[in-house]
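S.K.: Take a look at this one; I'll ask things after.
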Amino acid sequence: MLHSLAPLPFALPLMMAALLMGLSRFVPRWLTDAIALVTGALVTVVCVILLMGSANQPIVYWFGGWTPHQGVALGVAFVVGPLGAGLASLAALLVTAALLFSVKYFEAVGAVYHVLMLSFLGAMCGFSLTGDLFDLFVFFELMSAVAFALTAYRTEEKGPLQGALNFAIINTVGAYLVLCGIALVYARTGALNFAQIGRALSAGPSDGLVTMAFVLIACGFLIKAAIVPFHFWLADAHAMAPTPVCVLFSGVMVELGVYGVARVYWTMFAGTFGPHMVAIRGILIGFGAATAILGAIFCVSEEHIKRLLAFSTISHVGVLITGLGLLTPLGLAGAAVYVLGHGLVKASLFLGAGILLNQFQTASETELFGRGRHLVVLGGMFLVGGLALAGLPPFGTALGKGMIEAAASKAGDAWLSAVIIVASALTGGAVLRVAGRVFLGLGQPEGQPDQAGADDEAEQPESARQLRTPMVMLLPALVLLAGALASGLVPNIAMRTEQAAGAFINQRGYSQVVLNGAARLASNGPLIPTGPDLSEVAGGLGSTTAAVLVGLLAIYRRQLPAAVCRAASRHLEPPLQRLRGLQSGDVRDYAAWLTFGVATMGLAFAFAVH
């Protein structure tokens, strides 16, 4: 029965999207909302069932019954494992939450919005579950095309069109890179099935063609993941896209880019790159650490709330890349847990930003100063969300962060803990600053040094102060934030995720399951259930304390002694201005940085492997 459920996460939303498009002229808005919501909920349930069913044995589904013959893949397969099914479950949950939020967020919305959201869901689920390289590209392209359209959904505004254009151009270049890499792999192996490609590449040398194929495919997916220096499109797209769409971009889409790199590396290239693992680990960790720190700096210096959250996503993707780059089961498991916790927290915060936009028609922290005092629940949500991003135990972000730090320590890269703590403190502190200034009126309004925060509230229109947040908008945000807390409390989640990660990186076991129908080979011995390590808890509390200090320093920076303010302005402002200048909004600049990033990664891998 589980085998028959495998194609549903991909097929069901696409079929319902086609149905809604056909019925769009004949059904009312409420029925369109209901159909889309029910579809999202059903896909979530199916994905969770597949997640639980694949815990001990992957589920392999061959479309049309075209099973392998003598180790040669004849058809297209979905290979459902815990990590892929977990990502699909997260995608379905966030789409459902975004659709529920949209019921009141959009006063008027056409069925095309629901069609795009369901198509996006189908593409993300297909990307997470496929076992075929070309289908991975097809789902990547479908996901991208729908995301471009969703970014520009409000076409009456100039901003969304510009953000969508930058997004489309940069990610289309990424898609071409992936396609070129696929062509090289097919030229060498004559195969498109992950398992068959992995066997063929493991039997040969890691020559220039193989190295270039991996670099092209990895760079294409890392553009989607928005790592430095491929990150510029993300903040522009988030600032302009509708809030429910931002939930999906930050909560799961960029994480799928990281998943794509992990999937192709361990199922296809790990065998041939095995002798060069130390050098490859250094490259991935280097890019991850740079992304984590630069994203955090952009985040803490931003005052537009949606862009601030987008830059924090870039920083957290850097943390994920460091976990992946360690190339160990524990590092990958930590990244997987971090994806879950971060996705739920970030989705909740974006929904909160959407509520602020809905009530005050602005996402500027400066313009919102003190105007959210009556939004007690929303303010508490931002406060808790900031603490969660900072790594406060027992949130899933804290557990994942601790696992990555433990993996780094075991691999001899203990310095990564400092990078992760700094990134967590800066991004968490930026969100705490928003909570303090917008909802508590702490500090002083920008440009109004002599005005008390209460005056801003007094000038607020009466209609805005009395406006109540619809429960259908607030409830999804609260549920997602509660889920982020629960994700760190699931019994033995660290042990089970590490087991799943060990199976994920077992290239030989994967190929035997897919091509020979065998049971997965054990990648390691039984793991002993353990609770959170004391050092991991201490690290989480330390980064949280640092985040609180960062937030307070940002709020009260104008009350610091004049000499301190002058020194900070003299030494910090010029480099920050130069960094901000890189985010020019000009797609030509972004394309230049993309070219530089691909060349840098290509050269790094060429030296590492050869």
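S.K.: Under 6 Å between Cβ atoms, at least 6 apart or on separate chains: pull out the pairs that start in region 245-266 with a residue that is open to solvent by 10 Å² or more (accessible area, probe 1.4 Å) and end on any residue that is of a type in the set (Gly, Ala, Ser) and assigned to a helix (DSSP H, G or I).
M.R.: VAL258/ALA225
S.K.: Looking at LEU534, LEU576, LEU572, LEU560, can you tell me which residue is at pLDDT below 85 and open to solvent by less than 60 Å² (accessible area, probe 1.4 Å)?
M.R.: LEU576
S.K.: Restricting attention to region 284-296, which residues are crowded, with 20+ Cβ neighbours inside 10 Å and hydrophobic (A, V, I, L, M, F, W, C)? Steps first, please.
M.R.: Of all residues in region 284-296, those crowded, with 20+ Cβ neighbours inside 10 Å come to 284-285, 287-289, 291-292, 294-296.
Selection gives LEU284, ILE285, PHE287, ALA289, ALA292, LEU294, ALA296.
S.K.: Specify which of the listed residues (ALA145, ALA92) is in a helix (DSSP H, G or I), hydrophobic (A, V, I, L, M, F, W, C) and either modelled with pLDDT of 95 or more or open to solvent by less than 20 Å² (accessible area, probe 1.4 Å) (or both). Don't jump to the end; show me each part of the working.
M.R.: Details: ALA145 fails: either modelled with pLDDT of 95 or more or open to solvent by less than 20 Å² (accessible area, probe 1.4 Å) (or both).
Among ALA145, ALA92, only ALA92 is in a helix (DSSP H, G or I), hydrophobic (A, V, I, L, M, F, W, C) and either modelled with pLDDT of 95 or more or open to solvent by less than 20 Å² (accessible area, probe 1.4 Å) (or both).
S.K.: Quick check on my filter: what residues within region 30-45 are open to solvent by less than 70 Å² (accessible area, probe 1.4 Å) and touching a residue at least 12 places away in the same chain (Cβ under 8 Å)? Walk me through it before giving the result.
M.R.: Here is the first cut: in region 30-45, the residues open to solvent by less than 70 Å² (accessible area, probe 1.4 Å) are 31-37, 39-41, 43-44.
If the condition is that a residue be open to solvent by less than 70 Å² (accessible area, probe 1.4 Å) and touching a residue at least 12 places away in the same chain (Cβ under 8 Å), then THR32, ASP33, ILE35, ALA36, LEU37, THR39, GLY40, ALA41, VAL43, THR44 are the ones that fit.
S.K.: Condition (residue is open to solvent by 60 Å² or more (accessible area, probe 1.4 Å), free of Cβ contacts under 8 Å to residues at least 60 places away in the same chain, farther than 30 Å from GLY517 by Cβ and part of a loop (DSSP other than H, G, I, E, B)) applied to region 17-27: is it met by at least one residue?
M.R.: yes
S.K.: Return yes when LEU133 is under 26 Å from ALA336 (Cβ atoms) and open to solvent by less than 10 Å² (accessible area, probe 1.4 Å) and no when it is not.
M.R.: It is true that LEU133 is under 26 Å from ALA336 (Cβ atoms) and open to solvent by less than 10 Å² (accessible area, probe 1.4 Å).
S.K.: Here is a further query. Within region 1-16, which residues are among the small types (Gly, Ala, Ser) and surrounded by fewer than 17 Cβ atoms within 10 Å (Cβ to Cβ)?
M.R.: Scanning region 1-16 gives SER4, ALA11.
S.K.: For region 389-447, which positions are of a type in the set (Phe, Trp, Tyr), more than 18 Å from the chain's Cα centre (by Cα) and assigned to a loop (DSSP other than H, G, I, E, B)?
M.R.: Scanning region 389-447 gives a single hit, TRP415.
S.K.: On to the next question. What is the residue count in region 46-75 for residues that are of a type in the set (A, V, I, L, M, F, W, C), touching a residue at least 60 places away in the same chain (Cβ under 8 Å) and assigned to a loop (DSSP other than H, G, I, E, B)?
M.R.: The total comes to 2.
S.K.: For region 187-198, enumerate the residues that are in contact (Cβ under 8 Å) with a residue 12 or more places away in the chain and surrounded by fewer than 21 Cβ atoms within 10 Å (Cβ to Cβ). Before you say what the answer is, go through the steps one by one.
M.R.: Keep residues of region 187-198 that are in contact (Cβ under 8 Å) with a residue 12 or more places away in the chain, which gives 187-189, 191-198.
Within region 187-198, ALA187, ARG188, ALA191, LEU192 meet the criteria.
The values are calculated or read from the model by the stated rules, or taken from the named source; none is laboratory data. Here the structure is a predicted model, which means the values were calculated and not measured. Virtual Cβ from ideal backbone geometry, glycine too; neighbours counted across all protein chains shown. SASA here: full protein model, heavy atoms, side chains in, ligands and nucleic acids out. Shrake-Rupley method; radii C 1.70, N 1.55, O 1.52, S 1.80 Å.
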